[in-house]
Amino acid sequence: MTHRFAHYALPLLVCLPLTAVADVPRVAVDIPPVHSLVAKVMGDRGSPELFIQPGASPHGYSLRPSEAETLDNADLVVWVSTDLTPWLSGPITNLADDAEHLELMRVSDINTFAYREGATFDVVDDHDHDHDHDHDHDHDHEHDHEHDHEHEHEHEHEHEHEHDHEHEHEHEHEHEHDHDHDHDHDHGHDHHHEGQDPHGWMDPDNARRWLDAIARQLGELDPENADYYRDNAARSQQELEALEQSINERLDNSENTRFIVFHDAYQYFEKAFDVTAAGAISIGDASSPSPARIEAIQVLVNEEGIQCVFSEPQFNPQIVDSVFGDTDTYIGVMDPLGVDLTPGPELYDALLNQMADEIQRCTDAT
């Protein structure tokens, strides 16, 4: 009897770890840099899943069936901001209403900045900043969310929405309307460039605070692994501190390097590392600049001695060539999403290093 019991007990014991793995939260994330931060915290306990295809613009997107299923199956959805992905409100409500939500730009005590106005940026006092989180955020995150940020955790799962797998993606921003703004009347689909700039992941100080928030949220969903997530977050924070120090040393001679970016997505990186973009070719990453905007950028280049311009890998380089093709300006590539990088825990560090490399090349080319 004892021998026969042992025969059955062994397979039972072997199966126990599989049950523990199955209990690890399923996490859906929006963009590769956020995926990387979540992967750092989850470690070998599990892997987050992207619900926006790498390389696609997050500002306007239609979910594929498999990506909608990722949201539907999620225990936790982590995304940057509805300012970055205004179309996401409907899918999150309809598909992930019973999941926990962590909107990173609503995490307490992070650095936030308003969008800059116009094709050219006012750089006066642009370096008068610090990272003690004393930013007076005059942007009042005026979002109509039905969920609170991660410090409140009041799980408001009282939505009366059905899990609608047919989503017809009725994006509020179908970008077929005319942009009658004061922003040079640029056309194409664009996110609204007013209020809070959502590109906060390019500030490693924000990323360190987000690691804590991610670990805390995962720990609530998976208490058995809470210490593990917390330890991973702490170790990753130390690594990011070392990375930030290294990049600051590399860019020590780049403070006066003036460059143009494809669209205004980099001021968090600029303020973190004391470098300065002088203007942006386009309002949004998928909009075509108007002739007036192109002219303003060309005047800036000629009058202010702009040294470099950075395109983005997923967009038409002819737009940059049309502005700078006949000049001696260094043309590089700067990527806010890590399109050419391998998704995973190392992507975030590689992304910041890649951007620092481009600014170094700009400095060396002048």
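The values are calculated or read from the model by the stated rules, or taken from the named source; none is laboratory data. Predicted, not measured: the structure shown is a model, and the values here were computed from it. Heads up, the Cβs are rebuilt from the backbone with ideal geometry, glycines too, and the neighbour counts pull from every protein chain shown. The protein model used for the area step is the full one, side chains on, heavy atoms only, and it has no ligands, DNA or RNA in it. Shrake-Rupley method; radii C 1.70, N 1.55, O 1.52, S 1.80 Å.
Classify the stretch 246-366 from the C-alpha gyration tensor, please: rounded if a/c falls under 1.5, else prolate or oblate depending on whether a/b exceeds b/c. Let's see the in-between values first.
Working: a/c = 1.98, a/b = 1.30, b/c = 1.52.
Note, shape of the stretch 246-366 comes out oblate.
Highest mean first, how do 36-49, 103-116, 54-67 rank when packing is the count of other Cβ atoms within 10 Å averaged over residues? Present the calculation step by step, with values, prior to reporting the outcome.
Details: 36-49: 21.7, 103-116: 19.4, 54-67: 16.6.
Top of the packing list down: 36-49, 103-116, 54-67.
Quick one: if the Förster radius is 30 Å, what FRET efficiency do D98 and A234 give, using the C-beta to C-beta distance and rounding to 0.05?
Efficiency at R0 = 30 Å is approximately 0.50.
Report the extension gain between A226 and E255 in nm, rounded to one decimal, defined as 0.36 nm multiplied by the number of residues separating them, less their alpha carbon distance. Each step should come with its number before you reach the end.
Details: separation 29, 0.36 × 29 = 10.44 nm, distance 4.13 nm.
So the chain would gain 6.3 nm between A226 and E255.
Along the principal axes of its C-alpha atoms, what lengths does the stretch 20-107 span, in descending order and rounded to whole Å?
36, 25, 23
What percent of all Cα-Cα pairs in the stretch 290-336 falls in each 10 Å bin, counting up from 0?
25, 58, 17
Report the calculated FRET efficiency for V299 and A350 (r = Cβ-Cβ distance, R0 = 22 Å), to the nearest 0.05.
Computed FRET efficiency for V299 and A350: 0.05.
What percentage of the solvent-accessible surface of the stretch 193-280, computed with a 1.4 Å probe over protein heavy atoms, is contributed by carbon and sulfur atoms?
After summing per-atom areas, the C and S share lands at 37 percent.
For Q245 and T327 in one chain, what is 0.36 nm times their gap in residues minus the Cα-Cα distance, to one decimal in nm? It would help to have the intermediate numbers written out before the result.
On the way: separation 82, 0.36 × 82 = 29.52 nm, distance 3.43 nm.
Once the chain is fully extended between Q245 and T327, it gains 26.1 nm.
Using 0.36 nm per residue, how much length does the chain from D109 to T342 gain when fully extended, once their Cα-Cα distance is taken away?
80.9 nm
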